[in-house]
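Novice: The following block contains the structure, expressed as structure tokens.
The values are calculated or read from the model by the stated rules, or taken from the named source; none is laboratory data. All figures in this text were calculated on a predicted structure; none of them were measured in a lab. All Cβ positions, glycine included, derive from the backbone under ideal geometry; neighbour counts span all protein chains shown.
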Amino acid sequence: MLRSLTVSLCQWAQPLICLTSRYCSSNPAENKLTVDALYNLSVDLTKIRKLKAWVLHQNPAYVMEAAALLRDMGASGLVIARVLELHPEAILCRPEHFKAQKELWMSVCASQRDLVGIIEKFPASFFTSPCHLDSQRANVMFFQSLGLNKRIIAKLMASAPQSFSRPVKQNEEMIETLQKTYLELGGNETSLKVWLQKLLSQNPYVLMKPPEALRNNLMFLQGWGFTSIELLQLLSKLKGFVTEVQPESMGLTLSYSQKMLGCADAELRQIVLKCPALLYYSVPILADRFEGLFSAGISLQQIMETPTVMELTTQIVQYRIQKLRSHGYDVRTGSLEVLNGTKKDFEMSFGKLRLRRERPLFNPVAPLRTDE
């Protein structure tokens with residue numbers, strides 16, 4: 001009984017086998033009803049034939065049902081066409097699965113409009129196999145039990161759907177490891193939920209990492225002399241979160257950075273705390289960025305004072321230096337802080353700097369003050 005139920009639920013996933021061939025041998029010709037329905041919805045069939053032609057050979061297909069579901073949620077014709085072009089596998093979902101997915105997602109979405117926006121950006125996250133529905137429900141209930149914001153859960157489901165398709169026990173283990181680590185390093189219960197929400201929002205794929213990866217990386221950094229307080233700072237800054245790297249690669253980058261900067265262990269740790277991204281970059285990337293800064297006349301001392309400049313690519317640094325130089329600012333003698341940040345941050349800093357340099361020493365229109 002259980003076997004037959006599983007087979008029935010997973011029938012939707014079987015067409016994926018066709019990915020390895022141009023079309024399924026059981027369906028040598030395109031499904032004319034499917035092609036006509038997609039054409040009437042203004043879907044670009046050329047894109048589908050180029051990338052996922054196998055979908056057009058499947059029978060049954062539920063083109064109009066998928067379109068009706070999206071239309072009922074407020075999606076425009078343009079959005080419907082875009083979704084079916086990006087993820088034509090959607091038309092292989094049975095109508096009952098459409099409804100089940102909508103019910104599940106609406107438990108974490110504020111409105112149908114928000115859900116349509118998610119589907120437009122992440123159609124594959126919504127149109128998933130029925131095989132995963134029970135795991136999705138269990139994982140949604142688990143994250144809700146943590147008191148996480150619904151918006152955060154919806155973002156997790158959209159950007160990291162694999163985390164919700166796997167058994168809930170695996171997510172429970174990783175979340176428990178994160179919470180325990182945060183508290184053991186000196187974090188408090190009050191800020192734990194805020195930290196966890198921010199972490200999952202900025203790095204949803206952290207759930208896909210094994211708990212051992214976090215423990216191994218923290219042990220490695222402790223071996224380099226980082227204290228519990230310093231490790232908590234790295235975790236709290238999030239950019240320095242260390243589940244995406246391996247101890248071996250961190251060892252190479254730390255050794256190379258220390259050699260280039262000529263600093264002591266304690267100085268290196270402070271530099272990493274200011275710029276946790278140094279833990280992520282490979283030696284070739286660091287070498288290119290050091291060379292770019294040196295060629296611009298920037299000193300080691302300047303880099304050590306503002307190590308976050310290493311987060312910028314050589315091309316971006318060169319462009320910003322040239323733009324500053326054209327308005328009389330010499331980075332070789334000034335602070336590198338003006339180089340930092342996003343494009344928007346730099347433009348704001350540049351605008352303020354230019355305003356200060358172009359402002360006249362006195363207003364020639366204003367009346368002079370004289371003693372009466």
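Novice: Mind listing whichever residues of the range 325-362 are surrounded by 10 or more Cβ atoms within 10 Å (Cβ to Cβ), hydroxyl-bearing (Ser, Thr, Tyr) and either assigned to a loop (DSSP other than H, G, I, E, B) or modelled with pLDDT of 85 or more (or both)?
Specialist: Selection gives 329, 335.
Novice: Same structure, new question: Quick check on this structure: which one of 183, 178, 199 is more than 14 Å from the chain's Cα centre (by Cα), part of a helix (DSSP H, G or I) and surrounded by 15 or more Cβ atoms within 10 Å (Cβ to Cβ)? Break it down stepwise before answering.
Specialist: Values: 183 fails: surrounded by 15 or more Cβ atoms within 10 Å (Cβ to Cβ); 199 fails: more than 14 Å from the chain's Cα centre (by Cα).
Just a single option satisfies the conditions, and that option is 178.
To keep it simple, each residue is scored yes or no on (1) under 24 Å from the mean Cα position of the chain (by Cα); (2) without any contact (Cβ under 8 Å) to a residue 60 or more places away in the chain; (3) buried (at least 17 other Cβ atoms within 10 Å of the Cβ).
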{"residue": "226", "(1), (2), (3)": "no, yes, yes"}
{"residue": "231", "(1), (2), (3)": "yes, yes, yes"}
{"residue": "237", "(1), (2), (3)": "yes, yes, no"}
{"residue": "269", "(1), (2), (3)": "no, yes, yes"}
{"residue": "293", "(1), (2), (3)": "no, yes, yes"}
{"residue": "305", "(1), (2), (3)": "no, yes, no"}
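Novice: Of the numbered conditions (1) within 30 Å of residue 162 (Cβ to Cβ); (2) at pLDDT 90 or above, residue 242 satisfies every one except a single condition; which is it?
Specialist: The single condition residue 242 does not satisfy is (2).
Novice: Here is a follow-up. Could you look through the range 278-291, keep only residues that are within 19 Å of residue 217 (Cα to Cα) and surrounded by fewer than 16 Cβ atoms within 10 Å (Cβ to Cβ), and pick out the one that is nearest to the chain's Cα centre (by Cα)? Spell out how you get there, then give the answer.
Specialist: Taking the range 278-291 and keeping what is within 19 Å of residue 217 (Cα to Cα), we get 278-283.
The next check asks that each one be surrounded by fewer than 16 Cβ atoms within 10 Å (Cβ to Cβ); those that pass are 282-283.
On the way: 282: 20, 283: 23 Å.
Among them, the one singled out is 282.
Novice: Would you call residue 115 aliphatic (A, V, I, L, M), touching a Cys at 6+ places or on another chain (Cβ under 7 Å), assigned by TED's automatic domain parsing to the domain that holds residue 78 and at pLDDT 95 or above?
Specialist: Working: aliphatic (A, V, I, L, M): yes; touching a Cys at 6+ places or on another chain (Cβ under 7 Å): yes; assigned by TED's automatic domain parsing to the domain that holds residue 78: yes; at pLDDT 95 or above: yes.
When the stated conditions are applied, residue 115 passes them.
Novice: What are the residues in the range 139-152 that are of a type outside the set (S, T, N, Q) and modelled with pLDDT of 95 or more, if any?
Specialist: Kept after step one, since they are of a type outside the set (S, T, N, Q), are these residues of the range 139-152: 140-143, 146-148, 150-152.
Result: 140, 141, 142, 143.
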